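**Student:** Dropping the structure in here first, questions after.
The values are calculated or read from the model by the stated rules, or taken from the named source; none is laboratory data. Since the structure is predicted, the reported quantities are computational estimates derived from the model, not experimental observations. We place every Cβ from the backbone using ideal geometry, glycine too, and count neighbours over all the protein chains shown. Heavy atoms of the whole protein, side chains included, go into the accessibility calculation; ligands, DNA and RNA do not. Shrake-Rupley method; radii C 1.70, N 1.55, O 1.52, S 1.80 Å.
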There are 4 protein chains.
Amino acid sequence: MERIGIIGLGYWGPNLVRNFQAVLGPCAVWGYDRQRDRAAEVARRYPGLALVDDLDTLLANPHVDAVAVATPAQTHYTLARAALEAGKSVLVEKPLCTEAAQAEALIELARRRGKVLMVDHTFVYSPAVRKLHELVSTGQLGRVRFIDSVRINLGQVQPDVNVVWDLAPHDVSIADYLLGRSPQSVTAVGAAHTRCDVEDLAYLHLDYGDGLVVHVHVNWLSPVKLRSTLIGGSRRSIVYNDLEPVEQVKVYDCGVELRADDCEGRRQRLVDYRTGDVWSPHVAREEPLRRVAEEFVECCRLGCRPLADGEAGWRVVRVLAAAQRSIKAHGARMAL
Amino acid sequence: MERIGIIGLGYWGPNLVRNFQAVLGPCAVWGYDRQRDRAAEVARRYPGLALVDDLDTLLANPHVDAVAVATPAQTHYTLARAALEAGKSVLVEKPLCTEAAQAEALIELARRRGKVLMVDHTFVYSPAVRKLHELVSTGQLGRVRFIDSVRINLGQVQPDVNVVWDLAPHDVSIADYLLGRSPQSVTAVGAAHTRCDVEDLAYLHLDYGDGLVVHVHVNWLSPVKLRSTLIGGSRRSIVYNDLEPVEQVKVYDCGVELRADDCEGRRQRLVDYRTGDVWSPHVAREEPLRRVAEEFVECCRLGCRPLADGEAGWRVVRVLAAAQRSIKAHGARMAL
Amino acid sequence: MERIGIIGLGYWGPNLVRNFQAVLGPCAVWGYDRQRDRAAEVARRYPGLALVDDLDTLLANPHVDAVAVATPAQTHYTLARAALEAGKSVLVEKPLCTEAAQAEALIELARRRGKVLMVDHTFVYSPAVRKLHELVSTGQLGRVRFIDSVRINLGQVQPDVNVVWDLAPHDVSIADYLLGRSPQSVTAVGAAHTRCDVEDLAYLHLDYGDGLVVHVHVNWLSPVKLRSTLIGGSRRSIVYNDLEPVEQVKVYDCGVELRADDCEGRRQRLVDYRTGDVWSPHVAREEPLRRVAEEFVECCRLGCRPLADGEAGWRVVRVLAAAQRSIKAHGARMAL
Amino acid sequence: MERIGIIGLGYWGPNLVRNFQAVLGPCAVWGYDRQRDRAAEVARRYPGLALVDDLDTLLANPHVDAVAVATPAQTHYTLARAALEAGKSVLVEKPLCTEAAQAEALIELARRRGKVLMVDHTFVYSPAVRKLHELVSTGQLGRVRFIDSVRINLGQVQPDVNVVWDLAPHDVSIADYLLGRSPQSVTAVGAAHTRCDVEDLAYLHLDYGDGLVVHVHVNWLSPVKLRSTLIGGSRRSIVYNDLEPVEQVKVYDCGVELRADDCEGRRQRLVDYRTGDVWSPHVAREEPLRRVAEEFVECCRLGCRPLADGEAGWRVVRVLAAAQRSIKAHGARMAL
């Protein structure tokens, strides 16, 4: 790959600029934002960044082989399609788009054009989640029974979408990566307190049909910031706390409790609610987005598929769209 | 009140013995348990406790004015009814019973007999929850927007009921006390992993119709023990952590974040996700069950109504029964 | 052993009563306290406890083979000596006494009379400290470089002694047990804020001559309660937090940092201040005092030596007395 | 001020470059480092930074009014003196130098030349420590009784000095700022495990003569990273945890415990080791070094004295040098 264009230089765009400059070199990254002053300010911070004044120029330029779309979610589909039609490989900010049909169209378009379509499911590229995947896929947890994810904080960070589209893509893409399969149905409930019809808190429930459940709590009104995921297994369980500076991943060796059911065993459980050791594997401190950039560049060069490809984006959008419909239907079950 | 009889001396019964002995004196408490060896062992630990060999003797004894029922939930209704019919005031372990109709029958029976009917909603008598009630009822939080309660640990503590009937009565009774009103509908989902059809994890969602939602996560399969409740208000919010030895209740003065909606304000929120002070009011360390015992005795003597009366028990049972039905109907919405 | 007499039924005595009743049976424990009302109240809580009205009666009784001394520290020596001279085996509350010479006299007296002399170094019998000992003695930490112990809280719990004699016996006895050797010198500093000449905060520094140091911070004026011990080893290090409900002992596999010394390695250390895993071995929840009682009874029966014998008591008293002298000498070094 | 020259572009220098560029503009900052490749790399990251190849050129340049010295501590004195003699105002990285006499010479030189001499006591400019100063100086703690500071982590970050000169300047300068007076004597102990004679752990004890004590634990061998300071007052106490993302400063309203001294009060304290509320004032998230740069620039322009002036640097160096001597004298008391 020669050059990449970053579309959208608002909150996330500059991070893409920084990482692609590190991977491709300072002068291999071009940038565009409708707000020119904002673009100019980013260019000052990242010398070498070349700015273009309109999108068509960028997409028409034969020296730009790929683009990254970091604009509001509602615009992802239109921009990604335009880029693919212009013959560019595309990295799209999460969520890939906001309707499953759009995702299917983008996948088909990328296939026909022979271009790379990747979605920035950043957490899937984090050392901690990679470690979770290793632990789950090697059967160290036994059978996974539930994943309970809490992603709450104070502050409404997206003007155009609700809390589900803003925060839940992380949890749903992590679950998709760890479990390697899709839920059979989704139910969700939410509430909008600060802006009408824009949910600022929501609960998603993914049912996999065989007892496995994934539950996600996303919230913009929480007084405290939490980023924690419980993974309950038949043999071991995990607590993943992304805010913990050192022990991000903790493995609990605590299957024993579930054996005995007599009164004594019961009292024992009440007193000592954990037998077995706790183990916290070392997790490297590296920026996930750097790995996203590296994989995208490599896939563009070698024509291979990224882990977070269009299909992964589609699977996540499908779940989020179903959750959105369920919320509007007061928690009605949506089959996938 | 002269004497009280404790029916059921298993896990919770001895706590009732200890507290009623403290309130009424060591010789004012009689005890009964089907398992005589268990009863005998409790009597050794609590000198003064008089044991009776069969229930009828206890209920027939004119010197016993009241009974406390600390047996498995399924038996609460039958035993409480028998006690009321025998002219005793009754304190029933949570949940009051397992069907709303049963609760209504007990309330009516207590009314007709002019006896006290009280349910042991222990947390409603804890200093921490009393403090929460003071903060909510004096409007210090502004409008309450949501309550999110997590009560999870490792260990299946009830042989006869699922995790909903075992743990959720605490959260539902706390919400009932704090909000002073009942939800319009309940949806719930759950999963049973260790015993078929007995849910060991569940999520309850109470909808109050005007945006206010209460969410409860109860779980017997969690590697970690959590007892935390978030109360989100329009002006302030609270985190109540029952396992925290000192700062059980924390009040977050963080309404500011929700004002600005521009890009700058947005970036600010991301960096500094909390403005305002945090305040942790001192909470006394006293045993809630002691206050339950004192209030029950006082109500029996003066003929007044306890805070956790039959109606409170009924409101909680109504919600739990609806949640149970919703789980069996795969999360279908149950109107109340 | 037939019977044991507990001398002193104040704060700690009742715990001895409860545990020795559990080991020897409810009627095998006699009790004495100068304050008769306090003794009577304890007897009510522990049926079977026989009270004696004066000490001589207790010591003269041939059916009482042993006594436990749970009186203020200043009186330990006189009472322990009287008991030994009366032919009783003796368990003394920590500290064994307040002067090394007293400890030597008690050891010699016990030897001549062929009686057991044990000191209640409770923590040495706790599952957590036992685990620490296992980890240290099996060389899993490599060479131990330092032990840093913090035992601080709010509240002045001893009327007769300062914070050093009240809290430091725990830390010094733990270090003595883990290291299996004595320091060459002791320096200590302290301050008295609430009562003149009675230190309510102090720092002890034990120097072992070969680089190994043990530092102890004891404090009655701390707003927070801390009970934590760092054990730094050349290969691994440990954090022992006695207030942590689950992960009391954490083993850090972090020897790597100390290798490289170049600028790069340095920057690495700043970013990732911990490589290697963290492991928290399961620690059983059992009452250390129960094991103290069991071992004392067994040693009296079999004539064997307890782990916390007179010598252990002497080693701890020697260090504490040196620390006391050092404080009064404004931190002057005291050789042992 | 027109231009500033940054001497030393190693670990800390780039932070000075970034902040002075923000205050004075990108082209107003010049840089020098003996290692030219390192300097070049910093220049790439901070466009506008002008590099000079030798120190004399920098000091001789009339357009450079001030310099910041961010070299190893051992070289601070020589470089600061040369800069002052060249007629520059000087900001020196902590510690100002390594001998009190050197500090006195620099102060006198700055006075004679009429130049600003400032030391980068960064923490004194942090919002959290500013809040501590406000709380202490307005008497909200009552009489300050002790300050206990722990600054430990894994990793040896300074090649040329021991842990005392590396980490303790922070704690000593914070204490100097909060208390507004100097200790009467200093005792210190340390140990060197990884490099001979270079202490990697040390304990400093500052005695203020009237019961007030300041204790500092600095350690490069700790498995965990801690940055906490306890400030014990007669009315209130503070815990300042610099690693806490939200509640960095906690004020404990817990003077009550120290009143009663009878047995009942005593038992009470054991059960409830904290009465009173805990309050955590909001602390802004801003970079202290930015304020250091702003104040230095302002003082150079207006000729005023910075808070962290030469005298402040001298007071801290005096304590550190005394601590160093005390360590080498095995903890002997050093009067100031």
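**Student:** Of the conditions (1) modelled with pLDDT of 95 or more; (2) in contact with a His (Cβ under 8 Å, 6 or more places away or on another chain); (3) open to solvent by 40 Å² or more (accessible area, probe 1.4 Å), D:Arg318 satisfies every one except a single condition; which number is it?
**Tutor:** Of (1) modelled with pLDDT of 95 or more; (2) in contact with a His (Cβ under 8 Å, 6 or more places away or on another chain); (3) open to solvent by 40 Å² or more (accessible area, probe 1.4 Å), only one is false for D:Arg318: (2).
**Student:** Separate question: Can you pull out the residues in the range C:174-208 that are of a type outside the set (S, T, N, Q), touching a strand residue (DSSP E or B) at 6+ places or on another chain (Cβ under 8 Å), free of Cβ contacts under 8 Å to residues at least 40 places away in the same chain and in a loop (DSSP other than H, G, I, E, B)?
**Tutor:** Residues satisfying the conditions are C:Ala192, C:His193, C:Tyr208.
**Student:** Taking the range D:209-240, which residues are in a loop (DSSP other than H, G, I, E, B) and closer than 25 Å to D:Ala332 by Cα?
**Tutor:** D:Gly209, D:Asp210, D:Gly211, D:Leu212, D:Trp220
**Student:** Here is a check on your reading of the model: is D:Leu179 within 11 Å of another protein chain (Cβ to nearest Cβ) and either of a type in the set (A, V, I, L, M, F, W, C) or within 19 Å of the chain's Cα centre (by Cα) (or both)?
**Tutor:** no
**Student:** Within the range C:242-259, can you find the residues that are more than 10 Å from chain D (Cβ to nearest Cβ) and open to solvent by 10 Å² or more (accessible area, probe 1.4 Å)?
**Tutor:** The answer is C:Asp242, C:Leu243, C:Glu244, C:Pro245, C:Val246, C:Glu247, C:Gln248.
**Student:** Look through the range B:146-176, keep the residues that are small (Gly, Ala, Ser) and within 14 Å of another protein chain (Cβ to nearest Cβ), and return whichever of them is nearest to B:Ser326 (Cα to Cα).
**Tutor:** B:Ser149
**Student:** Taking the criterion of being touching a residue at least 12 places away in the same chain (Cβ under 8 Å), in contact with a Gly (Cβ under 9 Å, 6 or more places away or on another chain) and open to solvent by 30 Å² or more (accessible area, probe 1.4 Å), would at least one residue in the range A:87-97 satisfy it?
**Tutor:** yes
Residue-wise test of (1) at pLDDT 95 or above; (2) touching a Phe, Trp or Tyr at 6+ places or on another chain (Cβ under 6 Å); (3) outside the structural domain of C:Ser237 (by TED's automatic domain parsing); (4) in a loop (DSSP other than H, G, I, E, B).
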| site | (1), (2), (3), (4) |
| --- | --- |
| C:Glu264 | no, no, no, no |
| C:Arg267 | no, no, no, no |
| C:Leu270 | no, no, no, no |
| C:Thr275 | no, no, no, yes |
| C:Ala293 | yes, yes, yes, no |
| C:Val297 | yes, no, yes, no |
| C:Ala322 | yes, no, no, no |
| C:Arg325 | yes, no, no, no |
| C:His330 | no, no, no, yes |
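**Student:** Within the range A:288-305, how many residues are in contact with a helix residue (DSSP H, G or I) (Cβ under 6 Å, 6 or more places away or on another chain) and surrounded by fewer than 21 Cβ atoms within 10 Å (Cβ to Cβ)?
**Tutor:** Number of matching residues: 5.
**Student:** Quick one: would you say A:Asp120 is among the acidic types (Asp, Glu) and within 14 Å of chain B (Cβ to nearest Cβ)?
**Tutor:** no
**Student:** Restrict the check to the range C:108-115 and report whether at least one residue is open to solvent by 40 Å² or more (accessible area, probe 1.4 Å), touching a strand residue (DSSP E or B) at 6+ places or on another chain (Cβ under 6 Å) and part of a strand (DSSP E or B).
**Tutor:** no
Conditions tested, residue by residue: (1) part of a strand (DSSP E or B); (2) under 14 Å from D:Asp242 (Cα atoms); (3) free of Cβ contacts under 8 Å to residues at least 24 places away in the same chain.
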| position | (1), (2), (3) |
| --- | --- |
| D:His133 | no, no, no |
| D:Ile147 | yes, no, no |
| D:Arg151 | yes, yes, no |
| D:Pro169 | no, no, no |
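Condition check ((1) over 19 Å from the mean Cα position of the chain (by Cα); (2) assigned by TED's automatic domain parsing to the domain that holds C:Leu135; (3) modelled with pLDDT of 95 or more; (4) over 30 Å from B:Val224 (Cα atoms)) across all residues:
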position: C:Gly209; (1), (2), (3), (4): yes, yes, no, yes
position: C:Val216; (1), (2), (3), (4): no, yes, yes, yes
position: C:Asn219; (1), (2), (3), (4): no, yes, yes, yes
position: C:Arg227; (1), (2), (3), (4): no, yes, yes, no
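**Student:** Looking only at the range C:191-227, how many residues end up being crowded, with 18+ Cβ neighbours inside 10 Å and either among the polar types (S, T, N, Q) or within 8 Å of another protein chain (Cβ to nearest Cβ) (or both)?
**Tutor:** Looking only at that region, the number is 15.
**Student:** Would you pick out the residues in the range B:228-239 that are crowded, with 23+ Cβ neighbours inside 10 Å, closer than 24 Å to B:Val163 by Cβ and more than 7 Å from chain A (Cβ to nearest Cβ)?
**Tutor:** Scanning the range B:228-239 gives B:Thr229, B:Ile231.
**Student:** Among the residues of the range C:152-164, are any under 16 Å from C:Arg315 (Cα atoms) and either of a type in the set (A, V, I, L, M) or open to solvent by less than 20 Å² (accessible area, probe 1.4 Å) (or both)?
**Tutor:** Checked the range C:152-164: at least one residue is under 16 Å from C:Arg315 (Cα atoms) and either of a type in the set (A, V, I, L, M) or open to solvent by less than 20 Å² (accessible area, probe 1.4 Å) (or both).
**Student:** Here is a further query. Exactly one of these conditions fails for C:Ala188: (1) within 7 Å of another protein chain (Cβ to nearest Cβ); (2) open to solvent by less than 10 Å² (accessible area, probe 1.4 Å); (3) among the small types (Gly, Ala, Ser). Give me its number.
**Tutor:** (1)
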